[in-house]
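Student: Input: one structure, supplied below.
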Amino acid sequence: MGVSCRSEILQQFRHQLARSHGEARRAVRGGVSLFSSDRSLSLLSWGERFLPEYFRERPSKMHRWIDEHLDRYASRRGMK
């Protein structure tokens with residue numbers, strides 16, 4: 001992969017990240033909580049709700065496994 005190709009990919013990633021971040025900030029400013037009222041959402045559910053452009057396909061078995069384990073870790077302090 002050439003330098004210009006990597007630079008273009010990085011630029012696209014930054015643009016999408018900035019757009020998603022801006023949307024999240026506007027939602028928070030508008031009184032929509034991304035976190036406190038949605039603590040019951042799993043990581044995958046949260047992503048599907050707030051980042052739908054990245055969740056067009058159904059999650060694979062691996063993604064569901066990771067989601068289950070990360071959610072379990074989030075509910076227990078001190079786990080790495």
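Student: Calculate one ³J(HN,Hα) per residue across the range 20-28 by plugging θ = phi - 60° into the Karplus curve 6.51 cos²θ - 1.76 cosθ + 1.60, and present them in order as whole Hz with x for glycine and proline.
Tutor: My calculation for the range 20-28 gives 5, 5, x, 4, 5, 5, 5, 5, 5 Hz in order.
Student: Which distance in nm do the two modelled labels at Gln11 and Glu53 give, with both placed 7 Å along the Cα-to-Cβ direction?
Tutor: About 1.7 nm separates the two model spin labels.
Student: Tabulate in residue order the Karplus-calculated ³J(HN,Hα) for the range 55-60, using 6.51 cos²θ - 1.76 cosθ + 1.60 with θ = phi - 60°, rounded to whole Hz; enter x for Gly and Pro.
Tutor: Result, ordered by residue: 10, 7, 9, 5, x, 6 Hz.
Student: Next question. Going by Cα centres, the range 39-59 and the range 3-29 are how many Å apart?
Tutor: 18 Å
Student: Multiply the residue gap between Glu68 and Arg25 by 0.36 nm, knock off their C-alpha separation, and tell me the result in nm, one decimal place.
Tutor: The Glu68-Arg25 span can extend by a further 12.8 nm.
Student: OK, next. If we count every other residue with Cβ under 15 angstrom of Trp65's Cβ, Lys/Arg +1 and Asp/Glu -1, where does the sum land? Write down the numbers at each step before the final one.
Tutor: On the way: positive: Arg58, Lys61, Arg64, Arg72; negative: Asp67, Glu68, Asp71.
Value of the local net charge: +1.
Student: Using packing as a proxy for protection, rank 62-68, 7-13 so that the peptide with the highest average count of other Cβ atoms within 10 Å comes first.
Tutor: Details: 62-68: 13.0, 7-13: 10.3.
So the order, starting with the most tightly packed, is 62-68, 7-13.
Student: Here is a further query. Hey, what do the phi angles of the range 12-18 turn into as Karplus ³J(HN,Hα) couplings, whole Hz, using 6.51/-1.76/1.60 and θ = phi - 60°, x for Gly and Pro?
Tutor: Once rounded to whole Hz, the list reads 5, 4, 4, 4, 5, 5, 4.
Student: Compute the signed sum of charges (Lys and Arg +1, Asp and Glu -1) over the other residues within less than 13 Å, Cβ to Cβ, of Gly22.
Tutor: Spelling it out: positives minus negatives among the neighbours equals +4.
Read-outs: derived from the displayed coordinates by stated rules, not from any lab. Keep in mind that what you see is a predicted model, and the values were worked out from it rather than measured. In this analysis, Cβ positions are derived from the backbone assuming ideal geometry, glycine residues included, and neighbour counts consider all displayed protein chains.
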